Amino acid sequence: MTTLDVQHLTRQFISTHYPAVNDISLQLEDGEILALVGPSGCGKTTTLRLIAGLEHPDSGLICLNGKTLASDVEFIPPERRGIGLVFQDHALFPHLTVYENIAFGLYRQKPSAVRGTVSEMLRLVDMEMLANRYPYELSGGERQRVALARALAPRPLLLLLDEPFSSLDADLRVEVREQVRGILKSMHTSVIFVTHDQEEALYMGDRLAVFQHGRMEQIGTPEQIFHSPATRFVAEFIGASDFLPGLPVSGGFQTEVGLLSQTVPVNGSKSVEVALRADDVDFELSDSGNAIIVERFFRGPANLYRLRLDSGQVLHAIKDHTVIIPVGERARVYITARHPLMVFQ
Amino acid sequence: MQLTKSSRLTLPRRSLTRTNPRLIFAAGTVAAFVAIPLIYIFVRAAEADLAAWERLLQARLWLLMGNTLTLVLAVTAGALLTGTGMAWLTERTDLPGRKVFRWMLALPLAIPPYIGAIVHLTLLRPRGGLIPLALEALFGRPVPLPAPVGFWGATFVLTLFTFPYVYLLAGAAFRSLHANLEEASRTLGRTPWQTFWGVTLPAMQPGLMAGTLLVALDILAEYGTVALLRYETFSSAIFIQLSGRYDRSAASILSGVLVCIAVFFLWLELRFRGRARFTQMESSWRPAPLTLLGYWRLPALLTVLLVVSASLLVPLAALLTWSIQALQDSQTLTGAFRTGSQGFGNYVWNSLWTATLAAAIAVLLSLPIAIYSVRHAGRSSLIISRLCQVGYAIPGVVIALSLVMLINRGLPFLYATSFVIVIAYVLRHMPQAVRSSESAFHQLSPAIEDAARTLGRTPLQTFFQVTLRLILPGLLAGGALVFLTSLKELPATLLLRPAGFDTLAVRAWIWATDGYYLQAAPAALLLVLAAILPLSFLLRREKVFR
């Protein structure tokens with residue numbers, strides 16, 4: 001069942017040239033986690049704030065469970081939307097304890113019901129021992145969990161998370177996001193969350209929506225997005241593709257590193273770009289090769305090599321972490337991918 | 001340029017996109033209320049006939065301008081030197097008793113300069129001053145001493161009681177300055193002395209300039225001290241025109257010129273204040289190492305003691321002694337406890353209720369301004385916020401003149417009521433409330449308010465349950481500041497008060513100008529003590545004063 005329906009949402013700030021949010025349409029299924037991902041300033045946070053009711057759309061429609069929240073004639077204020085929001089900096093009320101923060105959204109309920117819900121939430125985020133602390137007495141991870149509990153306590157129809165892990169340290173981030181995903185799935189909450197971190201999006205999202213310049217470039221499952229990026233930008237942003245020029249010939253594309261035998265319908269004989277990720281490319285040392293090894297980055301489980309083809313084109317390739325090849329050697333580069341590659345014109 | 005700057009401000013701080021028209025209306029009304037007296041002065045100055053302009057231009061205007069500007073220059077230089085020097089000694093060196101001196105160097109703000117002038121005049125007057133008399137008795141002949149009158153007297157007294165403005169801002173700048181900055185300069189081959197002049201002082205410059213310009217605005221507005229010490233400036237000349245000769249046309253012209261000068265200083269101050277924000281602390285801040293004074297400890301200590309004595313200890317001790325002497329006199333004693341409009345209780349009550357009411361109104365009026373200018377930052381909200389700063393540039397005498405003329409014309413039912421005094425206080429001290437409220441809102445992340453909205457609160461509920469709770473300390477600070485300065489206000493109170501309406505400031509002043517210095521002491525002492533309370537509340541907001 002569709003929880004959220006967004007149609008042609010647009011929001012333009014006076015000061016910018018293009019709309020911050022430009023004709024966005026998306027649907028969210030019940031219990032689904034959707035990740036909005038894109039570089040900073042791409043409009044993902046504005047989209048989130050439009051859905052929450054903290055911004056007015058210039059045009060477009062937002063419906064939640066069949067009820068119109070925003071349209072050209074209607075605007076339901078945030079307090080009457082039943083949408084929870086976890087803020088980037090958590091925005092915990094500094095004058096209230098953990099307990100009071102979580103109870104803040106429950107003020108219309110009976111005291112006994114409030115007590116029950118708050119202790120349930122405290123248990124859920126494992127903060128029972130710290131209920132009487134004030135926000136400034138908490139660590140970053142604890143604040144994050146309180147913010148989540150506070151947003152979940154009123155049982156929102158939809159939960160929004162705005163870069164929820166960006167204020168945490170790198171090692172804590174992985175741990176907390178696993179906890180959060182577990183909690184959200186156990187409560188079967190519909191969630192939209194915003195991140196600029198592709199790895200986080202791939203991990204957290206049932207589906208991903210990739211944003212750039214206020215437009216939604218592609219929406220789909222992590223696998224769809226990774227395997228068949230709809231645009232050059234998506235291929236570049238998710239999985240860091242390099243783009244190798246190629247010419248359509250019979251039976252495939254002729255590139256600098258050899259013939260790519262793959263038939264994709266293309267327009268005429270204009271040159272194309274083949275998206276190559278580091279795992280699609282390999283090389284061996286060869287004095288008569290077509291490239292030079294420019295740099296090696298040790299990534300722990302793997303070595304990432306940067307290669308410069310004789311044309312100046314840069315490609316990346318990964319090898320096992322034990323394979324250490326000196327920088328500056330010549331190499332022969334070739335494509336090893338056993339799956340179809342994306343070709344952009 | 002201006003457009004891109006303000007539009008960049010629009011993006012991050014706004015919480016809800018559409019500004020409530022009622023908020024704009026409220027903010028605009030307050031701004032208009034504050035700006036009307038200023039505009040009216042210019043209108044009246046422009047309306048004045050050419051003959052009046054010519055008369056003034058021929059004789060008085062240039063003299064007054066020279067007098068006023070040289071005094072401003074001398075006092076600001078003195079305050080800058082004293083304030084920065086004292087701040088360096090208490091913040092950056094191992095001066096003994098730094099913690100106590102920090103307080104003693106800030107507290108002169110509780111003493112109105114005219115009270116300080118009364119004390120120093122009583123002590124040092126060439127004929128009949130207590131110190132010359134004592135010296136004459138001691139040596140059997142008159143000993144020539146510099147008299148605290150005229151230009152140098154006014155410079156001396158005003159420097160002593162205004163340098164804490166610079167001292168407080170310079171102290172804060174010394175504390176917030178990143179130690180890394182000075183260390184970087186040292187590693188790049190500069191000596192400590194070169195570092196101080198080349199790095200530390202330039203980095204503090206915006207804060208120092210802002211403090212200095214506040215002193216300059218205060219001097220432009222000062223009436224009591226210059227009148228008592230017989231040095232004529234714009235403010236005292238306008239006062240005489242208003243109270244004695246009653247020439248409103250001439251007074252309007254002088255006021256127009258004075259306000260022009262003041263607006264220029266205010267414009268400079270706002271520019272420097274904007275830049276001072278960039279020197280704020282970062283998370284990696286740590287205090288700079290203290291300079292060890294070594295052999296200089298004793299001279300440094302004596303210098304600080306001298307400043308503290310002249311600006312705080314001697315005035316307090318003198319007022320206390322004279323109060324005790326005055327109360328031993330039976331006539332004064334009965335006067336002190338007399339009830340009704342002539343009793344001490346009445347003066348205290350009048351001082352307190354006018355200042356409290358002014359503080360409450362100013363803080364209340366500052367709220368729409370602060371919400372509009374901080375939460376909906378843009379060009380129009382900036383203009384409105386700046387309009388509310390003009391109170392700084394309208395000296396008390398000018399406010400009085402403007403109100404007298406406005407009330408005669410439009411609101412005659414307010415004429416000669418004590419409420420007019422409250423209006424004058426609000427107009428004059430509004431900027432302090434606006435600044436405090438604005439900085440309170442700046443410190444409150446809009447996300448906190450957004451969070452309350454997504455948790456089911458209406459805008460009004462959000463304001464009362466979340467916003468107000470969190471900005472209350474800032475609002476109280478603004479209120480305390482308005483209360484403090486209203487308590488000390490003299491010229492507008494003198495000119496606007498209904499007959500028989502006396503405050504502590506008015507009483508102390510009238511007795512002192514009539515030559516009853518002893519009788520003035522209890523009122524002055526009470527005034528200072530009442531002012532110390534809000535001042536210490538304000539100082540305690542900074543960690544080092546706890």
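How much of the accessible area of chain A, probe 1.4 Å, is carbon plus sulfur, in whole percent? For chain A, the apolar C and S fraction of the accessible surface comes to 51 percent.
Convex hull volume per residue, computed on the Cα atoms of the range B:398-489, equals 122 Å³.
The longest stretch of chain B left intact once loop-based chymotrypsin sites (Phe, Trp or Tyr not before Pro) with at most 16 other Cβ atoms within 10 Å are removed from consideration, loops following DSSP, is B:1-245. Accessible surface calculations at 1.4 Å, restricted to protein heavy atoms, place the protein assembly as shown at 45 Å² per residue. Count neighbours as other Cβ atoms within 10 Å of each site's Cβ, and list the trypsin sites (Lys or Arg not before Pro) in the range A:72-124 that are DSSP loop with at most 15 such neighbours. Filter output for the range A:72-124: A:R108.
Ligands, DNA and RNA left out, the accessible area of the range B:120-225 computed with a 1.4 Å probe is 69% carbon and sulfur. Highest mobility in the GNM of chain A, judged by mean-square fluctuation with C-alpha springs under 10 Å and restricted to A:I192, A:I292, A:I33, is found for A:I292. The charge dipole of the range A:167-246, taken about its Cα centre with unit charges on the Cβ atoms of Lys, Arg (+1), Asp and Glu (-1) only, comes to about 340 debye. The residues packed around B:Y425, meaning those with a beta-carbon under 15 Å from its beta-carbon, carry a net charge of +2 if Lys and Arg are +1 and Asp and Glu are -1. Checking every one of the trypsin sites (Lys or Arg not before Pro) in the range B:40-98 against DSSP loop status and a limit of 12 other Cβ atoms within 10 Å picks out no site at all.
For the pair A:V327/B:Y415, report the inter-label distance in nm, with labels modelled 7 Å from Cα in the Cβ direction. Label-label distance for A:V327 and B:Y415, simple model: 8.9 nm. Using bins of 20 Å that start at zero, the share of Cα-Cα pairs per bin across chain A amounts to 26, 46, 24, 3, in whole %. With viscosity set to 1.002 mPa s at 20 °C, what whole-number translational diffusion coefficient in µm²/s follows for the range B:361-418 from Stokes-Einstein and a Kirkwood radius over Cα pairs? D = 160 µm²/s. Along each principal axis, taking the top coordinate minus the bottom one, the Cα set of the range A:117-170 gives 29, 26, 15 Å in descending order. When the Cα convex hull of the range B:388-546 is projected onto planes of every orientation, the mean area is 12.8 nm². Centre-to-centre, using Cα atoms only, the range B:302-328 and the range A:191-252 are separated by 77 Å. Computing FRET efficiency as 1/(1 + (r/R0)^6) for A:L304 and A:T2, where r is the C-beta to C-beta distance and R0 is 60 Å, gives about 0.90.
Put simply, the protein assembly as shown fits an ellipsoid with semi-axes of 67, 33, 27 Å; these come from the alpha carbon gyration tensor as the roots of five times its eigenvalues, largest first. Diffusion of the range A:137-204 by Stokes-Einstein, at 37 °C in a medium of 0.692 mPa s and with Rh set to the Kirkwood radius over alpha-carbon pairs, works out to 266 µm²/s. Taken over the Cα atoms of the range A:1-160, the convex hull encloses 137 Å³ per residue.
The label point for A:D72 and the one for B:L468, both projected 7 Å from the Cα toward the Cβ, are 4.1 nm apart.
From its DSSP helices (H runs of at least four residues, each -39,500 (n - 2.57)), chain B gives a residue-normalised ellipticity at 222 nm of -24000 deg cm²/dmol. Could you give log10 I(q)/I(0) at q = 0.15 Å⁻¹ for the range B:73-154, computed by the Debye formula over C-alpha point scatterers of equal weight, without solvent? Relative scattering, expressed as log10 I(q)/I(0), comes to -0.76. Overall, the protein assembly as shown carries a charge dipole of about 2780 debye about its Cα centre when +1 sits on the Cβ of Lys and Arg and -1 on the Cβ of Asp and Glu, all other atoms neutral. Toward the positive end of the charge dipole of chain B, with +1 on the Cβ of Lys and Arg and -1 on the Cβ of Asp and Glu, the farthest Cα among B:T462, B:G28, B:P142 is that of B:T462. Note on B:W349 and A:S250: the model spin-label points, each 7 Å out from Cα along the C-beta direction, lie 11.2 nm apart.
Over chain A, with a Gaussian network built from C-alpha contacts below 10 Å, which listed residue (A:E137, A:E100, A:E32) shows the highest mean-square fluctuation? Taking springs between Cα atoms under 10 Å, the residue moving most is A:E137. Rg of the Cα atoms in chain B, relative to 2.2 N^0.38 Å, amounts to 1.01.
Would you mind telling me which residue in A:H316, A:H17, A:H95 has the biggest mean-square fluctuation in a Gaussian network model of chain A, where springs connect alpha carbons within a distance under 10 angstrom? Highest fluctuation of the listed residues: A:H17. Given R0 = 60 Å, the distance between the Cβ atoms of B:L133 and B:Q461 translates into a calculated FRET efficiency of 0.30. Most simply put, the protein assembly as shown has about 75% antiparallel DSSP beta bridges, counting only bridges with both residues inside it.
What is the percent of Cα-Cα separations in the range B:425-472 that go past 17 Å? Across the range B:425-472, Cα pairs with separations above 17 Å total 42 percent. Taking only the Cα atoms of the range A:194-296, the ratio Rg/Rh comes out at 1.03, with Rh defined as the Kirkwood radius. Taking N as the residue count of the range A:33-95, its C-alpha radius of gyration divided by 2.2 N^0.38 Å amounts to 1.22. Projecting the Cα atoms of A:T255, A:L202, A:Q212 onto the dipole axis of the range A:200-345, where Lys and Arg carry +1 and Asp and Glu carry -1 at the beta carbon, places A:Q212 farthest toward the positive end.
Please give the residues of the range A:1-30, grouped as numeric ranges, whose backbone N is less than 20 Å from a label point set 7 Å along the Cα-to-Cβ vector of A:N65. Those under the cut-off are A:1-7, A:27-30. Kirkwood radius for the range A:70-156, taken over all pairs of different Cα atoms as the inverse mean of 1/r, rounds to 13.5 Å.
Rg/Rh, computed from the Cα trace of the range A:297-345 with Rh as the Kirkwood radius, has the value 1.00.
Using a 1.4 angstrom probe on protein heavy atoms only, the contact between A and B buries about 2300 square angstrom of accessible area, both sides summed.
Can you check how the C-alpha radius of gyration of the range A:123-253 compares to 2.2 N^0.38 Å, as a plain ratio?
The value comes to 1.35.
Where the centroid of each part is defined by its Cα atoms, how far is the range A:50-119 from the range B:398-467 in Å? Each part reduced to its Cα centre gives a spacing of 31 Å.
Here the sum of -39500 (n - 2.57) over DSSP H runs of 4 or more residues, divided by the residues of chain A, equals -6500 deg cm²/dmol at 222 nm, to the nearest 500.
Summing Cβ point charges (Lys, Arg +1; Asp, Glu -1) relative to the Cα centre of chain B gives a dipole of roughly 1400 debye.
Based on the Kirkwood approach, the hydrodynamic radius assigned to the range B:343-475 is 16.7 Å, with every pair of different Cα atoms included.
The values are calculated or read from the model by the stated rules, or taken from the named source; none is laboratory data. Bear in mind the structure is a predicted one, so any value in this text is a computation, not a measurement. Using ideal geometry, Cβ is built from the backbone for each residue, glycine included, and neighbour counts are taken over all protein chains shown. Surface accessibility is based on the protein's heavy atoms, side chains included, excluding ligands, DNA and RNA. Shrake-Rupley method; radii C 1.70, N 1.55, O 1.52, S 1.80 Å.
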